[in-house]
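The values are calculated or read from the model by the stated rules, or taken from the named source; none is laboratory data. Note that the structure is predicted; figures quoted are calculated from it, not measured. Because the Cβ atoms are built from the backbone with ideal geometry, glycine has one as well, and the counts that use them run over all protein chains shown. Protein only, heavy atoms only, side chains kept; ligands, DNA and RNA dropped before computing areas. Shrake-Rupley method; radii C 1.70, N 1.55, O 1.52, S 1.80 Å.
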Amino acid sequence: MQFFVDNFDLLKDAFLQTLSLSLLAGLLALVLGTLLAAMRVSPIAPLRWLATFYVETFRNTPLTVVFFFMIFGLPQIDFVIDFFTGAVLSVGLYTAAFVCEALRSGINAVAAGQVEAARAVGLTFGQTLREIVLPQAFRTVVPPLGNVWIAMVKNTSIAAGFSVTELSAVLPRLVNADAGDLTLVLVGVVAGYLIITLPSAFAVHRLERRVAILR
Amino acid sequence: MTRPNGEPLVRLSGVNKWFGELHVLQDIELSIDRGEVVVVIGPSGSGKSTLCRTINRLEPIDSGDITIDGKRLPEEGKDLARLRSDVGMVFQSFNLFAHKTILENVTLGPIKVRGQSKADAEKRARELLERVGVSAQADKYPAQLSGGQQQRVAIARALAMDPKVMLFDEPTSALDPEMINEVLDVMTALARDGMTMVVVTHEMGFARRAANRVVFMDGGRIVETAEPENFFTNPQSERAQDFLSKILNH
């Protein structure tokens, strides 16, 4: 117990770092992912190409490489960002590709008749997307989006390698300080992640049941 | 039946459409006057649903001209959306917006397309729901209603836009028999009120009761056009005679 008391501040700060990194990156991924999904189903071909290019680029690049680019690549073109911002951008931009694809599967699952009815009423493409397609798509993709979110929370651990003191970064630090407490260090760090991911899984489950639409 | 003078409300001329190799609409010529009720019948695969759906360009055509109120159907985009808002459409499978309440289904178009206030749109929507007999269901979701109720809501949704013409694409084909009449009654009342209607249907009773003209289609062509009584008692084309003998003698 003494171990946790001694290192509480460090663990707490690391936990908050992981939490804020997750929330900011998650928000970025959700907004950008939605925009990308809208572009991928747009009737305007260049928008589709652009979004497809984005998704395939980020989805097929290891996250560590994205971090490298943000933190060491961008300064090469005189664009310096701090480590935390770099981490938010890396995780957010990377995850947006997965959000887009999850949403797109939901969009494809919306019955064609819903779109026809919306067009027949006189809604424009944008209105049809906003009023009919996306609200229904979001409801069907709550479970896969939950997966994306949990994977993303864990992916923030890569920021440890880029000077962001989040949860995983305290692992080597504490182990080096006192190798005898290895198990306790692991328990502390894992508990930090679980505090974020377990309630998320529960919330996703609740949300799924609440927003389910009768068909 | 008297047919008013002047420019027809809907005119299709030289309309052709292919689905790949299949020539689904062949040299269609059809004019529909204001206040006229046209019933389109024919065997399945005759192109009657496709014809109906070309009028608001849910199906684009390959050649020919379609005009509504003297204006040519625009290409995909804002102009087409505006035109569609003047053309009500009722589908075989209802297609009510599944995540919106009945009231929201009816007010969505008036609010988003016509820019009406929520209060005005809801007042009018409740009147329309009353008129089609489902006002008690206003706060429910579509899946909680019977098929007949859903279809009447779909009619109210189309009417809320004050359309110039209403298209009905087999509106009773997905309904249980006991619900067909409740929908046909609403449609008959609409026809009596002078709505211009194009109705794809197999309901001969409705055609006799409410239609000014019956258009018989087969193999992508309009084979015969006649007043309902004449068509049913004395069809001119062999194809229509054959079709009617099959559906009337059972």
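Of the residues examined, A:A117 is one that is out of contact with any helix residue (DSSP H, G or I) (no Cβ under 7 Å at 6 or more places or on another chain) and small (G, A, S).
Taken together, the residues in the stretch B:83-105 that are more than 10 Å from every other protein chain (Cβ to nearest Cβ) and either more than 22 Å from B:M187 (Cα to Cα) or crowded, with 22+ Cβ neighbours inside 10 Å (or both) amount to 2.
What about A:L89, is it open to solvent by 20 Å² or more (accessible area, probe 1.4 Å) and of a type in the set (A, V, I, L, M, F, W, C)? So A:L89 passes the test. Being open to solvent by 10 Å² or more (accessible area, probe 1.4 Å), more than 10 Å from chain A (Cβ to nearest Cβ) and touching a strand residue (DSSP E or B) at 6+ places or on another chain (Cβ under 9 Å) is a description that does not apply to B:G115. Per the conditions (1) surrounded by fewer than 16 Cβ atoms within 10 Å (Cβ to Cβ); (2) touching a strand residue (DSSP E or B) at 6+ places or on another chain (Cβ under 6 Å), the sole criterion not satisfied by B:S44 is (2). For B:L73, the requirement of being under 20 Å from B:V215 (Cβ atoms), open to solvent by less than 30 Å² (accessible area, probe 1.4 Å) and either at the interface with another protein chain (Cβ under 9 Å from one of its Cβ atoms) or not charged (D, E, K, R) (or both) is met. Within the stretch B:118-139, if we keep just the residues that are outside any helix (DSSP H, G or I) and open to solvent by less than 80 Å² (accessible area, probe 1.4 Å), the residue that is farthest from the other protein chains (Cβ to nearest Cβ) turns out to be B:G133.
The set of residues in the stretch B:141-176 being away from chain A (no Cβ under 12 Å) and farther than 22 Å from B:S85 by Cα consists of B:S146, B:G147, B:G148, B:Q149, B:T172, B:S173, B:L175, B:D176.
Just one of the listed residues (A:L194, A:L207, A:L186) is surrounded by fewer than 18 Cβ atoms within 10 Å (Cβ to Cβ), under 19 Å from the mean Cα position of the chain (by Cα) and under 27 Å from A:P62 (Cα atoms), namely A:L194. Just give me the residues in the stretch B:49-62 being under 11 Å from the mean Cα position of the chain (by Cα) and open to solvent by less than 20 Å² (accessible area, probe 1.4 Å), in sequence order. Of everything in the stretch B:49-62, those that are under 11 Å from the mean Cα position of the chain (by Cα) and open to solvent by less than 20 Å² (accessible area, probe 1.4 Å) turn out to be B:L51, B:C52, B:I55, B:N56.
Report the residue count in the stretch A:161-172 for those that are open to solvent by 20 Å² or more (accessible area, probe 1.4 Å) and farther than 14 Å from A:L16 by Cα. Matching residues across the stretch A:161-172 total 4. One residue is enough: does the stretch B:217-229 have a residue meeting the conditions among the basic types (K, R), in contact (Cβ under 8 Å) with a residue 12 or more places away in the chain and surrounded by 19 or more Cβ atoms within 10 Å (Cβ to Cβ)? No; the residues of the stretch B:217-229 include none that is among the basic types (K, R), in contact (Cβ under 8 Å) with a residue 12 or more places away in the chain and surrounded by 19 or more Cβ atoms within 10 Å (Cβ to Cβ). Considering only residues that are touching a helix residue (DSSP H, G or I) at 6+ places or on another chain (Cβ under 6 Å) and not in a loop (DSSP other than H, G, I, E, B), which ones fall in the stretch B:26-58? Those that are touching a helix residue (DSSP H, G or I) at 6+ places or on another chain (Cβ under 6 Å) and not in a loop (DSSP other than H, G, I, E, B): B:V37, B:V39, B:V40.
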